[in-house]
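Chemist: After the structure tokens below, expect a handful of questions from me.
The values are calculated or read from the model by the stated rules, or taken from the named source; none is laboratory data. Being a predicted model, the structure only gives us computed values, none of them experimental. Please note: Cβ atoms are built from the backbone with ideal geometry, for glycine as well, and neighbour counts cover all protein chains shown. For accessibility, only protein heavy atoms count, side chains too; no ligands or nucleic acids. Shrake-Rupley method; radii C 1.70, N 1.55, O 1.52, S 1.80 Å.
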Amino acid sequence: MPETPPQGALDRYFGLAAQGTSVLTELRAGVATFLTMAYIMFVNPAILQQAGMDHGAVFVATCLAAAAGSLIMGLYANYPIALAPGMGLNAYFAFTVVPELGGDWQLALGCVFISGVLFFLLSLSPLRAWLIDAIPMNLKLGIAAGIGLFLALIGLQNAGIIADDPVTLVTLGDLGKPQAWLAVAGFFLIAALSVRNVTGAIIIGVLSVTAAAVLAGLDPWHGFAAAPPSLAPTFLEMDVAGVFQLGLVIIVLTLLLVMILDTAGTIIGVAHQAGFLDAEGRLPRIRQAFLADSSGAMIGAALGTSTATAYIESTAGVKEGGRTGLTAVFVAALFVLALFLSPLAHTVPVYATAPALLFVACLMATSLGAIQWEDATDYIPALTIAFLMPLTYSIATDIGLGFIVYVTLKALTGRVSEINAAVAIIAMAFLLKLIFA
């Protein structure tokens, strides 16, 4: 009888053989995932810098938060899912939360930290599944689409394609500027490469626009690699004590709600792609996955960045054969190496990140296609969220309005029994906020 070949330490810990994978396959998967999400180390500092935060420190915080979150996910939950500061959540942080707090980004980081703590505690309790299942699917889809449209507005502004107008509120920008056309070219490049299934399409687009801008003399070249900048301007600068005031409850609740929905959708989506779901559609070790995600959010806030969360780009690694947490560990290692690319990150102009925002916005807006259109009491609240989010420039307000519209329509049409406790509580909280704001 043939002997069973000895298992290595990595095989024993991650179960490589049981998942039909190998170290080399997991490495290839990790590289693929990293390349598809590496754009965040350029985009996130550019966004948070507009909230008054130090660009270099945010770059370091972004890389370290991605590395720490991915490492925890890989070692603890053993899933090929990488984490990093989330798109949409960073826009909410910079353009809604910080302005509402009078420019106090330290207090905003405190809100992110507390929302991470609450998510961590929820992940330890049965309330996690109750809250996720209780929110109607159409509202979840409306939130995803609304955040996408919100990102599109920010991307178009950063590109100079649209501008404010005192009469019509918004109008076409100055298309005589080369920056606008470079952003447009970058968007088409990303879209075309993505359709052709080219790994790293988004980061290729961002870097291509940056190279063109430098060559055209529109922006200076700061270099390619150097020692990482100081993390001191943001490290442990979060104001946690200031969060415990009644006026900030809605901000924390919104961060928590979006984090839960985003994490659940992403993790389930990647798990479905990898074939991890059981016959009932449930994910084994979902508790560990949520604990890893919430830990990443807390660590990210302490380092000095907006909410870190699971990335749907992890499906790129799954497509390459990644099936264990070793994929996420390799992603973490690559983000640590990326710390030395701070000069390149500082070179990337804001209009070079605009194509990435627009492309991600398109991906998120496809959620509108999954909305169930048979019942107006379901799709009108979803569309309320999606339509108003970019127009009011507030993710929190419009999630609240969507829930209020949902409860109101169900009540007026005699279908109170369809309103579950979680939705009713969220709607009431937002209504009180609107009344007493």
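Chemist: Just to check your reading of the model, which residue among Gly56, Gly69, Gly30 is assigned to a helix (DSSP H, G or I), small (Gly, Ala, Ser), open to solvent by 10 Å² or more (accessible area, probe 1.4 Å) and in contact (Cβ under 8 Å) with a residue 24 or more places away in the chain?
Modeler: On the way: Gly69 fails: open to solvent by 10 Å² or more (accessible area, probe 1.4 Å); Gly30 fails: open to solvent by 10 Å² or more (accessible area, probe 1.4 Å).
That would be Gly56, the only listed residue that is assigned to a helix (DSSP H, G or I), small (Gly, Ala, Ser), open to solvent by 10 Å² or more (accessible area, probe 1.4 Å) and in contact (Cβ under 8 Å) with a residue 24 or more places away in the chain.
Chemist: I'm trying to understand the selection: among the residues of the stretch 116-136, which are modelled with pLDDT of 80 or more and out of contact with any Ser or Thr (no Cβ under 7 Å at 6 or more places or on another chain)? Reasoning before the result, please.
Modeler: Initially, the stretch 116-136 is screened for residues modelled with pLDDT of 80 or more, giving 116-125, 136.
Hits for the stretch 116-136 are Val117, Leu118, Leu121, Leu122, Leu124, Ser125, Pro136.
Condition check ((1) assigned to a helix (DSSP H, G or I); (2) closer than 17 Å to Val252 by Cα; (3) open to solvent by less than 10 Å² (accessible area, probe 1.4 Å); (4) in contact with a His (Cβ under 9 Å, 6 or more places away or on another chain)) across all residues:
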| site | (1), (2), (3), (4) |
| --- | --- |
| Gly400 | yes, yes, yes, no |
| Ile404 | yes, no, no, no |
| Val407 | yes, no, no, no |
| Lys410 | yes, no, yes, no |
| Ile426 | yes, yes, no, no |
| Leu431 | yes, yes, no, no |
| Leu434 | yes, yes, no, no |
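Chemist: Out of the residues in the stretch 299-354 that are modelled with pLDDT of 90 or more, β-branched (Val, Ile, Thr) and open to solvent by 10 Å² or more (accessible area, probe 1.4 Å), state the one that is nearest to Val43 (Cα to Cα).
Modeler: Val336
Chemist: How many of the residues making up the stretch 219-255 are in contact with a Lys or Arg (Cβ under 9 Å, 6 or more places away or on another chain) and either among the aromatic types (Phe, Trp, Tyr) or at pLDDT 90 or above (or both)?
Modeler: Residues in the stretch 219-255 being in contact with a Lys or Arg (Cβ under 9 Å, 6 or more places away or on another chain) and either among the aromatic types (Phe, Trp, Tyr) or at pLDDT 90 or above (or both): 0 in total.
Chemist: While we're on this one: Can you pull out the residues in the stretch 72-99 that are open to solvent by less than 10 Å² (accessible area, probe 1.4 Å) and β-branched (Val, Ile, Thr)?
Modeler: Ile81, Thr96, Val97, Val98, listed by residue number.
Chemist: Restricting to the stretch 226-238, name every residue that is open to solvent by 60 Å² or more (accessible area, probe 1.4 Å) and either among the small types (Gly, Ala, Ser) or not in a loop (DSSP other than H, G, I, E, B) (or both). Give the steps one after another, and end with the answer.
Modeler: Filtering the stretch 226-238 for residues open to solvent by 60 Å² or more (accessible area, probe 1.4 Å) gives 227, 230, 232, 235-237.
Within the stretch 226-238, Ala227, Ser230, Ala232 meet the criteria.
Chemist: Any idea which of (1) open to solvent by 40 Å² or more (accessible area, probe 1.4 Å); (2) assigned to a loop (DSSP other than H, G, I, E, B) is the one Val249 doesn't satisfy?
Modeler: All conditions pass for Val249, except number (2).
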